[in-house]
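S.K.: Structure incoming, see below.
The values are calculated or read from the model by the stated rules, or taken from the named source; none is laboratory data. Quantities reported herein were computed from a predicted structural model and do not represent experimental measurements. Positions of Cβ are generated from backbone atoms using ideal geometry, with glycine treated the same way; all protein chains shown enter the neighbour counts. These area figures cover heavy atoms from the full protein model, side chains too; ligands, DNA and RNA do not enter into them. Shrake-Rupley method; radii C 1.70, N 1.55, O 1.52, S 1.80 Å.
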Amino acid sequence: MEQAKKVQIPIERKNGECKNNIPHVILASKSAIRKKKLTEEGIPFEVIVSEADETPNENKSFKAILAEIAMRKAKVVLDKTANRGTRLIIAADQNIVFEGKMYGKPKDINEAREIIQNMRGRDDIYAYTGNAVLLADGDEALETVNVTDIARMYMDEISDEEIEKYLKNTKPLTKCAGILIDDAPFLHLKEGRYSTACGMTTEIAKEMLKTFYKC
């Protein structure tokens with residue numbers, strides 16, 4: 001994965017101590033799991049839903065499609081907040097890739113059930129997560145990271161009863177492929193970042209924010 005660029009930020013000093021100009025963080029998503037993950041990282045943030053066009057360009061690769069949609073979301077929020085000062089805008093878009101096909105949110109419970117049934121016992125389930133993180137000031141993006149990160153997962157050989165319990169007790173229609181590693185005890189990370197498997201590579205924003213704490 002591309003590394004977030006180091007941004008040179010002027011830091012004021014008072015009485016020989018650092019005074020950090022930490023940017024306001026904006027999450028361009030109403031996703032519960034993305035909000036949860038930023039909260040777990042201890043990053044204060046505001047939510048501004050982008051409502052960007054998420055129509056995929058089918059002529060592009062899976063990675064390019066998701067990176068492009070994430071950037072669309074980030075740019076919409078950049079425009080919405082053009083009258084603001086320094087801020088970090090975080091956007092993401094995810095699909096699950098299995099057997100060469102991208103899966104977004106299932107249309108109904110039957111589709112979610114079928115997808116999960118086909119995945120059980122398999123270790124070639126991939127979370128493709130497009131990320132766009134913009135360090136902005138006014139209407140200008142000063143630094144940009146736009147990349148799709150991939151995490152590989154495997155699923156236990158679960159029973160039909162376990163699948164039905166999962167479908168009943170969670171909200172599968174709000175998740176790509178009807179499933180989420182964070183609330184499915186039978187889905188595990190095999191390779192890559194756990195945050196990517198959850199739908200947003202939080203390490204990118206954390207890396208950019210690190211610069212603001214340096215003296």
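S.K.: Label 7 Å along Cα→Cβ of LYS165; segment 120-150 residues with amide nitrogen under 18 Å?
M.R.: Label zone hits: 120-121.
S.K.: Considering only the other residues whose Cβ falls under 15 Å of the Cβ of VAL49, what net charge follows from Lys and Arg at +1 and Asp and Glu at -1?
M.R.: Summing Lys/Arg as +1 and Asp/Glu as -1 gives +1.
S.K.: Just to confirm the number: angle between the C-alpha axis of helix 109-119 and the first principal axis of the chain, 0 to 90 degrees, nearest 10?
M.R.: So the helix axis and the longest Cα principal axis differ by about 90 degrees.
S.K.: Within the chain, what whole-number % of the accessible surface is contributed by carbon and sulfur, with the 1.4 Å probe and all protein chains included in the calculation?
M.R.: 46 percent
S.K.: Show the residues, 5+ positions off or on another chain, whose built amide H is closer than 5 Å to the amide H of THR148.
M.R.: Those lying under 5 Å, H to H, from THR148 are ASN131.
S.K.: Here is a further query. From the Cα gyration tensor of segment 83-196, with a ≥ b ≥ c the square roots of its eigenvalues, which class applies: rounded if a/c is under 1.5, or else prolate if a/b is larger than b/c, or else oblate?
M.R.: Since a/c reaches 1.5 and a/b is larger than b/c, the shape of segment 83-196 is classed as prolate.
S.K.: May I ask you to give the solvent-accessible area per residue for segment 43-170, in square angstrom, as obtained with a 1.4 angstrom probe?
M.R.: 49 Å²
S.K.: While we're on this one: If you find the alpha carbon centre of segment 52-79 and of segment 146-215, how far apart are they in angstrom?
M.R.: That distance is 20 Å.
S.K.: Stretched out fully, how many nm does the piece from ASN118 to GLU99 gain, at 0.36 nm a residue minus the Cα gap?
M.R.: Value of the extension gain: 5.9 nm.
S.K.: Give the label of the value calculated from the structure for semi-axes √(5λ) of the Cα gyration tensor in Å, choosing from (1) 38, 19, 12; (2) 35, 18, 15; (3) 26, 21, 17.
M.R.: Read-out from the structure maps to (2).
S.K.: Same structure again: How far, in degrees from 0 to 90, does helix 160-169 lean away from the longest principal axis of the Cα atoms of the chain, to the nearest 10?
M.R.: 40 degrees
S.K.: On a 0 to 90° scale, report how tilted helix 62-80 is relative to the longest principal axis of the chain, with both axes built from alpha carbons and the result rounded to the nearest 10.
M.R.: 40 degrees
S.K.: Kindly rank 68-74, 26-32 from highest to lowest mean number of other beta carbons found within 10 Å of each residue.
M.R.: Packing order, densest peptide first, comes out as 68-74, 26-32.
S.K.: Using θ = phi - 60° and the Karplus curve 6.51 cos²θ - 1.76 cosθ + 1.60, what whole-Hz ³J(HN,Hα) does each residue of segment 35-50 get, with Gly and Pro shown as x?
M.R.: Result, ordered by residue: 4, 4, 5, 5, 5, 4, 7, x, 9, x, 7, 10, 9, 10, 6, 6 Hz.
S.K.: What is the dipole size for the chain, taken about its Cα centre, with +1 at each Lys and Arg Cβ and -1 at each Asp and Glu Cβ, in debye to the nearest 20?
M.R.: Rounded to the nearest 20 debye, it is 740 debye.
S.K.: Let a ≥ b ≥ c be the square roots of the eigenvalues of the Cα gyration tensor of segment 88-150; is it rounded (a/c under 1.5), or, if not, prolate (a/b larger than b/c) or oblate?
M.R.: prolate
S.K.: Using +1 on the beta carbon of Lys and Arg, -1 on that of Asp and Glu, and nothing else charged, what's the dipole of segment 105-215 about the Cα centre, debye to 20?
M.R.: With only Lys, Arg, Asp and Glu charged at Cβ, the dipole is about 140 debye.
S.K.: Residue by residue through segment 97-107, which ³J(HN,Hα) values in whole Hz follow from phi under the Karplus form 6.51 cos²θ - 1.76 cosθ + 1.60 (θ = phi - 60°), with glycine and proline marked x?
M.R.: Ordered by residue, 3J(HN,Hα) equals 10, 8, 6, x, 10, 8, 10, x, 6, x, 6 Hz.
S.K.: Return the loop-located GluC sites (Glu not before Pro) in segment 106-202 (DSSP other than H, G, I, E, B) with at most 15 other Cβ atoms within 10 Å of their own Cβ; answer none if there are none.
M.R.: When the GluC sites (Glu not before Pro) of segment 106-202 are filtered for loop state and at most 15 Cβ neighbours within 10 Å, GLU157 remain.
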